[in-house]
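For reference, the structure is listed below as structure tokens.
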Amino acid sequence: INNPKDVWLKHFYDSLTPLLYLPDMNKKVSLIDIGSGAGFPGIPLKFVNQKFQLTLLDSLQKRITFLDQLISKLNLKNVETVHGRAEDFGNNPNYREKYDFAIARAVSNTNTLLELLLPFVKVGGKIILMKTVHVENEIYEANKALEEL
């Protein structure tokens with residue numbers, strides 16, 4: 001994605017669409033972004049709502065280093081970066097069932113995302129799976145996995 005219009009639409013605007021499903025902007029909530037990559041959607045969400053307690057989890061150290069620099073440049077507070085795999089940190093008592101919301105954008109299929117994200121949310125918490133269009137079949141097939149999990 002090189003066209004500035006596409007960068008805005010496909011990265012920044014797309015990253016803000018979960019605001020439609022997140023609570024009131026005045027409410028403090030915890031959010032973990034699994035597979036953060038370059039910080040989408042976590043950083044734009046945090047930039048818009050400073051009350052979010054944000055954790056960015058990614059498996060590549062060079063991405064975490066980039067995110068640490070970005071967080072410093074933007075002077076964002078209450079943002080933690082974590083280098084590791086969701087499969088491992090979902091079982092870590094410091095991260096398991098600690099978040100109001102877990103979110104992933106362009107990470108994996110729905111069945112896998114359910115297994116990766118659900119361990120992070122508190123009882124009553126929610127996951128947000130940012131998927132492309134035409135995923136009805138994938139979502140339908142994930143119903144059984146969701147029931148089991």
- [ ] At 7 Å along the Cα-to-beta-carbon direction for both N94 and D68, put a label point, then send me their distance in nm to one decimal.
- [x] 1.4
Open item on the list: Quick check on my link table: of K10/K62; K10/K126; K5/K28; K77/K122, which ones sit more than 29 Å apart, alpha carbon to alpha carbon?
Closed with: K5/K28
- [ ] Just add up the charged neighbours of T81: K/R +1, D/E -1, any other residue whose Cβ is under 11 Å from the Cβ of T81.
- [x] -3
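Count the net charge of all other residues whose Cβ sits under 14 Å from the Cβ of L67, scoring Lys and Arg as +1 and Asp and Glu as -1.
0
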Open item on the list: Report D for segment 30-112 in µm² per second (integer): Stokes-Einstein, Kirkwood Rh on Cα pairs, 4 °C, 1.567 mPa s.
Closed with: 101
TODO: Report the paramagnetic label zone for Y21: residues of segment 90-112 whose backbone N is under 11 Å from a point 7 Å from Cα along the Cα-to-Cβ axis.
DONE: 102-105
TODO: Under 9 Å from the Cβ of L54, count the other residues' Cβ atoms, weight Lys and Arg +1, Asp and Glu -1, and hand me the total.
DONE: -1
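Taken together, the values in this text are just the output of simple stated rules run on the coordinates, not laboratory data. Worth saying up front: this structure is predicted, and the values here are computed from it rather than measured. Neighbour counts are summed over all protein chains in view; Cβ atoms, including those assigned to glycine, are modelled from backbone coordinates with ideal geometry.
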